[in-house]
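Asker: I am attaching a structure below and will ask some questions about it afterwards.
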Amino acid sequence: MSKARSTFVNCPICARWAPYGICPDHGVIQAPEEVALAEGFKECSKCGLRKPLESFSKNSRTLDGHQGQCKSCRAAYDKSWANRPVVREANLRNMRDTNNARYANDPAFREMTLARKRKQNPEAAK
Ligand SMILES: [Zn+2]
Ligand SMILES: [Zn+2]
């Protein structure tokens, strides 16, 4: 069995926050998720179902090396409205508008943006 790595653990006895899997009252505990993980299962953060690790895409940035959402939830999201090009484009536009407004009104933000541009492209900024 692998050691509990997650720091997001609640004590299964008193349900209190147990940092690094150690409850102040009940000592070292292992969260149910950790048990599942040790057995090769993982709970999807979206649908909440416990599925075998193969049902999750790999992600080296997470603690257990897998995505928080299972493949079918990811696939559903990819097909959802939020990810359609037209919506993505609108979101991008929104972000640009917000940034442009900030750029015009916030000298610190302007300086930061310019500094980043200079860093990215020293030639063009000359
Ligand atoms: Zn406890
Ligand atoms: Zn899911």
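The values are calculated or read from the model by the stated rules, or taken from the named source; none is laboratory data. Worth saying up front: this structure is predicted, and the values here are computed from it rather than measured. Every residue, glycine among them, receives a Cβ derived from its backbone with ideal geometry; neighbour counts consider all protein chains shown.
Asker: Condition (residue is at pLDDT 90 or above, surrounded by 12 or more Cβ atoms within 10 Å (Cβ to Cβ), more than 16 Å from ligand 2 (Cβ to nearest atom) and farther than 30 Å from Glu39 by Cα) applied to region 89-101: is it met by at least one residue?
Answerer: yes
Asker: What residue, among those in region 45-61 that are within 18 Å of Val35 (Cβ to Cβ) and over 13 Å from the mean Cα position of the chain (by Cα), is surrounded by the most Cβ atoms within 10 Å (Cβ to Cβ)?
Answerer: Pass one, region 45-61, residues within 18 Å of Val35 (Cβ to Cβ): 45, 48-53, 55-56.
Next cut, over 13 Å from the mean Cα position of the chain (by Cα) only: 48-53, 55-56.
Details: Gly48: 9, Leu49: 13, Arg50: 16, Lys51: 18, Pro52: 11, Leu53: 16, Ser55: 18, Phe56: 23.
Looking at the filtered set, the residue picked out is Phe56.
Asker: For the subset of region 62-76 comprising residues that are more than 12 Å from the chain's Cα centre (by Cα), surrounded by 13 or more Cβ atoms within 10 Å (Cβ to Cβ) and of a type outside the set (Lys, Arg), which member is farthest from ligand 2 (Cβ to nearest atom)?
Answerer: So, considering only residues that are more than 12 Å from the chain's Cα centre (by Cα), surrounded by 13 or more Cβ atoms within 10 Å (Cβ to Cβ) and of a type outside the set (Lys, Arg), the one farthest from ligand 2 (Cβ to nearest atom) is Asp64.
Asker: Looking at this structure, is Pro107 without any contact (Cβ under 8 Å) to a residue 40 or more places away in the chain, exposed (fewer than 10 other Cβ atoms within 10 Å of the Cβ), under 30 Å from Phe56 (Cα atoms) and not assigned by TED's automatic domain parsing to the domain that holds Lys46? Walk me through it before giving the result.
Answerer: Details: without any contact (Cβ under 8 Å) to a residue 40 or more places away in the chain: yes; exposed (fewer than 10 other Cβ atoms within 10 Å of the Cβ): yes; under 30 Å from Phe56 (Cα atoms): no; not assigned by TED's automatic domain parsing to the domain that holds Lys46: yes.
When the stated conditions are applied, Pro107 does not pass them.
Asker: What residue, of Leu53, Leu114, is at pLDDT 85 or above, out of contact with any Phe, Trp or Tyr (no Cβ under 8 Å at 6 or more places or on another chain) and either within 16 Å of ligand 1 (Cβ to nearest atom) or of a type in the set (A, V, I, L, M) (or both)? Give the steps one after another, and end with the answer.
Answerer: Details: Leu53 fails: out of contact with any Phe, Trp or Tyr (no Cβ under 8 Å at 6 or more places or on another chain).
Sole residue among the options that is at pLDDT 85 or above, out of contact with any Phe, Trp or Tyr (no Cβ under 8 Å at 6 or more places or on another chain) and either within 16 Å of ligand 1 (Cβ to nearest atom) or of a type in the set (A, V, I, L, M) (or both): Leu114.
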